[in-house]
Amino acid sequence: MTQAERERANLLTQINGVQRQIDALTRPRPDRECEEIASAQARADSVAGMFGEPVAPPISGETSLAYRRRLLKRFMPYSPRFKETRLDGLDASALGAIEDHVFHDAVTAARNPNTAGVTGRLVAHKSIDGAGRTITEFSGDPMAWMAPFMTSGRVGHFNRANASGKD
């Protein structure tokens, strides 16, 4: 085999590898996978909304399990129990158990005004009660909305030398 034939075979192998990657990325997802991704995104979005931020959409070709892991990593620093946990080898059921705890801890942290990332802003939390009314609660830093209405402090000094009346 000549040098040119070896190079041609090597290039064909690389091209075939790239084509397989493109096919994997552009393959349509099954309906069940789409539902799982939408469910994971909705759940994480409700928690991220408490911090006043959206979640990232799924990456093309990303599985629902990989997407759930990526979403969960964002909230793990708020969970003292699971902040150092590695999610790489977990299956869907084990990840679900950890998700429950991490999301609960993140919601608790979002409602705490002393949490880093919450200070300096006020975040609205909307819920619907049993009668169908929308209830809006706010958490975060109250100074975020009060500061524009507050006047700056004024400092006054008395001139005691002239106050004695001995002019």
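Do any trypsin sites (Lys or Arg not before Pro) in the stretch 1-96 lie in a DSSP loop with no more than 11 other beta carbon atoms within 10 Å, and if so, which? Taking the stretch 1-96 and a limit of 11 other Cβ atoms within 10 Å, the loop trypsin sites (Lys or Arg not before Pro) found are Arg81, Arg86.
Label-to-label distance, Asp23 versus Lys73, with points set 7 angstrom from Cα along the beta-carbon direction: 2.8 nm. Residues within the reach of a label modelled at Thr85 (point 7 angstrom out along Cα to beta-carbon, backbone nitrogen below 19 Å), restricted to the stretch 43-58, are 43-48. Summing charges over all other residues whose Cβ lies under 15 Å from the Cβ of Val107, with Lys and Arg as +1 and Asp and Glu as -1, gives -1.
Using the Cβ-Cβ distance between Thr63 and Arg133 with R0 = 45 Å, the FRET efficiency computed as 1/(1 + (r/R0)^6) comes to roughly 0.70. Here is how the number arises for the chain: DSSP H runs of 4 or more residues each give -39500 (n - 2.57), the sum is divided by the residue count, and the result at 222 nm is -16000 deg cm²/dmol. Other residues within the sphere of radius under 15 Å centred on the Cβ of Gly49, judged by their own Cβ, net out at +2 (K and R +1, D and E -1).
For the stretch 54-80, backbone nitrogen atoms closer than 12 Å to the point 7 Å from Arg121 Cα along Cα-to-C-beta are found at 54-55.
Here, each number is a calculation from the coordinates, and none is a lab measurement. This is a predicted model, so every value here is computed, not measured. Note: ideal-geometry Cβ built from the backbone for every residue, glycine included; neighbour counts use all protein chains shown.
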